[in-house]
Amino acid sequence: MNRDNFGSKLGILAAAAGSAIGLGNIWKFPYITGQNGGAAFILVYLFCIALIGLPVMIAEFSLGRNTQTNAMGSFKKIANGSKWSCSGYLAVATAFIILSFYAIIAGWVFAYIARAFSGKLIGVAPADLAGYFGGIISSPVEPVFWTFAVLAVTAFMVLSGVKNGIEKYSKILMPVLLMILIGLVFRSVTLPGASKGLEFLFKPDFSKLTTKGVLEALGHAFYSLSLGMGIILTYGSYIGKKENLLKLAVQVTIADTAIALMAGMVIFPAVFAYGFKPDQGAALIFMTLPAVFGEMPFGGFFEAMFFLLIGIAAMTSTISLIEVVVAFVTEEFKMERKKATVAIAAAAFALSVPSTLSFGVWSEVKILGKTFFDMFDFIASNIFLPIGGILVCLFVGWVWKAGSSSKEVESEGLYVFKAKGAYEFAIKYIAPTAIALILFNSTGLISR
Ligand code: PHE
């Protein structure tokens, strides 16, 4: 059977950047920047992206393209069916679990989009926003419905395959995302008093930077680039031999970082211009920003655009998550793509329901002291993801051998990989060590 492939350079970039650019860029990056003192944190983040993010991305792309198969199949093929296949199973499991709760947050965004477009959100008084948001996410019905909607749209977009599904929709959605984002940056930085926000974002204050902050930057660099769960690997398997993987990885990394910074340039100038606080954590976009838009002329319009932006960013990430599982199921169990897609989306929905309810009626149901949502998030993001990342580095660096990976990047002499010495050193030593630190930090083994 011929495998489906990406059809164009732009399509590959749109899909891979679409995966990387998600809630992490527009929701999480601005708020952890806000909590860690702004520009100093950003500098550390950029350093982590270059030192760890880029090499791991090259490793995953090259492994996928070399083996031309799904995340589990890649490990199995190179290691001849040895225990290394477990790293592949782990990647697929991680992607599936993350899909189940990422869809919930995307569902909250959908709920906000609906309210923003109908003009209901802009009328909510700032003091009532916390209760408003709490009311939405704790309902036993509405978030379940929106999570279902997110998964249904996700399944719909990947149903028709890589070229006619993922690539087609990414090529439409990513330019729309960029246009909305540019418009919003322009609006925000031209507000009177915006300069304080830009200063916050771009003037480093190293006194606010803690060890914890550095580790958070490291972990986020990894998450933001969608590494460690077989996504980039799976996308790599749909890339032809003529493509320049190094250039692609650099482009995806730059796009991801640029979009995160632009999201910061939308949020902070506006937050400062209207006298709100930048360090509100996860509440920043759902509670602080609607209040900010409420102060702005034509705020309702910009608010609708902003939530649409986040919704798009989230959808191009959910399609990449589901594709890891779809590729695995269709290739390993020879299941037909459409059937597999629907079955996986349904299973992810089933798994998401307890997590959704844990914000309301099941908030008291706890396993090891955590609600369902927190538990799945903790297991997948804090344990599986870093372990998957370490395994990918060790596998590519030592089992498949870093040199074979560089060769794949060079594509039989088609390209010169100048920095391959640095890359091979990074993937063998630096990246696995750094990701081990992420793991220690995220599991609480490093407590300060
Ligand atoms: N990279 C995405 C983001 O920044 C998050 C993500 C992780 C998406 C894993 C898919 C898979 O939001």
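Against the test of being closer than 30 Å to Gly213 by Cα, of a type outside the set (A, V, I, L, M, F, W, C) and either assigned to a helix (DSSP H, G or I) or in contact with an Asp or Glu (Cβ under 8 Å, 6 or more places away or on another chain) (or both), the options Gly53, Gly7, Gly11, Gly73 yield a single qualifying residue, Gly53. Selection within region 77-107: residues that are within 16 Å of the ligand (Cβ to nearest atom) and among the polar types (S, T, N, Q). The member of this set that is nearest to Ser224 (Cα to Cα) is Thr94. Just to be sure before I move on: is Ser87 modelled with pLDDT of 95 or more, surrounded by fewer than 23 Cβ atoms within 10 Å (Cβ to Cβ) and polar (S, T, N, Q) in the structure I sent? It is false that Ser87 is modelled with pLDDT of 95 or more, surrounded by fewer than 23 Cβ atoms within 10 Å (Cβ to Cβ) and polar (S, T, N, Q).
In region 89-98, is there at least one residue being in contact with a Ser or Thr (Cβ under 8 Å, 6 or more places away or on another chain), touching a residue at least 12 places away in the same chain (Cβ under 8 Å) and of a type outside the set (Gly, Ala, Ser)? Yes: one or more hits. Whenever a residue of region 239-266 is acidic (Asp, Glu), its partners that are part of a helix (DSSP H, G or I) and more than 16 Å from the ligand (Cβ to nearest atom), lying with C-beta atoms within less than 9 angstrom and at least six residues away or across chains, give the pairs Glu243/Lys9; Glu243/Ile12; Glu243/Arg65. Of note, Ile254 does not satisfy the criterion of being aliphatic (A, V, I, L, M), in contact with a helix residue (DSSP H, G or I) (Cβ under 7 Å, 6 or more places away or on another chain) and within 16 Å of the ligand (Cβ to nearest atom).
If the requirement is being of a type in the set (Phe, Trp, Tyr), surrounded by 18 or more Cβ atoms within 10 Å (Cβ to Cβ) and under 21 Å from Tyr132 (Cβ atoms), which of these qualifies: Phe268, Phe272, Phe306, Phe301?
Phe306
All conditions in (1) farther than 24 Å from Ala422 by Cβ; (2) more than 16 Å from the ligand (Cβ to nearest atom); (3) in contact with a Leu (Cβ under 9 Å, 6 or more places away or on another chain); (4) assigned to a helix (DSSP H, G or I) hold for Gly37, with the sole exception of (4).
Of all residues in region 388-444, those that are in a loop (DSSP other than H, G, I, E, B) and of a type in the set (S, T, N, Q) total 2.
All of Phe384, Phe349 fail the test of being farther than 24 Å from Phe145 by Cα and touching a residue at least 60 places away in the same chain (Cβ under 8 Å), apart from Phe384. Within the set Ile32, Ile52, Ile26, Ile21, the sole residue that is within 16 Å of the ligand (Cβ to nearest atom), surrounded by fewer than 23 Cβ atoms within 10 Å (Cβ to Cβ) and on the phi < 0 side of the Ramachandran plot turns out to be Ile32.
In region 108-116, is there at least one residue being within 12 Å of the ligand (Cβ to nearest atom) and closer than 29 Å to Pro269 by Cα?
Of the residues in region 108-116, the ones within 12 Å of the ligand (Cβ to nearest atom) are 109.
Retained after the next criterion (residues that are closer than 29 Å to Pro269 by Cα): 109.
Yes: region 108-116 contains one or more residues that are within 12 Å of the ligand (Cβ to nearest atom) and closer than 29 Å to Pro269 by Cα.
Looking only at helices (runs of 4 or more DSSP H) that lie completely in region 127-231, which have at least 1 residues being modelled with pLDDT under 95 and on the phi > 0 side of the Ramachandran plot?
Details: elements: 129-138, 142-159, 168-189, 195-202, 211-224.
Hits in region 127-231: none.
Residues checked against (1) hydroxyl-bearing (Ser, Thr, Tyr); (2) within 16 Å of the ligand (Cβ to nearest atom):
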| residue | (1), (2) |
| --- | --- |
| Val361 | no, no |
| Leu368 | no, no |
| Thr371 | yes, no |
| Met375 | no, no |
| Val392 | no, yes |
| Lys401 | no, no |
| Ser404 | yes, no |
| Gly421 | no, no |
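Condition check: among the polar types (S, T, N, Q), modelled with pLDDT of 95 or more and away from the ligand (no atom under 16 Å from the Cβ). Does Thr69 satisfy that? Against the criterion (among the polar types (S, T, N, Q), modelled with pLDDT of 95 or more and away from the ligand (no atom under 16 Å from the Cβ)), Thr69 qualifies.
For the residues Ile446, Ile438, the requirement of being farther than 19 Å from Phe61 by Cα and either loosely packed, with under 15 Cβ neighbours inside 10 Å or in contact with a Lys or Arg (Cβ under 8 Å, 6 or more places away or on another chain) (or both) singles out Ile446. Looking across region 309-332, the residues that are more than 12 Å from Val158 (Cα to Cα), of a type in the set (A, V, I, L, M) and either touching a residue at least 24 places away in the same chain (Cβ under 8 Å) or not in a helix (DSSP H, G or I) (or both) come down to Leu309, Ile310, Ile312, Ala313, Ala314. When each of Ala221, Ala273 is tested for being in contact (Cβ under 8 Å) with a residue 40 or more places away in the chain, of a type in the set (Gly, Ala, Ser) and over 30 Å from Ala327 (Cβ atoms), the lone residue that passes is Ala273.
The values are calculated or read from the model by the stated rules, or taken from the named source; none is laboratory data. Since we're looking at a predicted model, the values are computed, not measured. For neighbour counting, all protein chains shown are included, and Cβ atoms are generated from backbone atoms with ideal geometry for every residue, glycine included.
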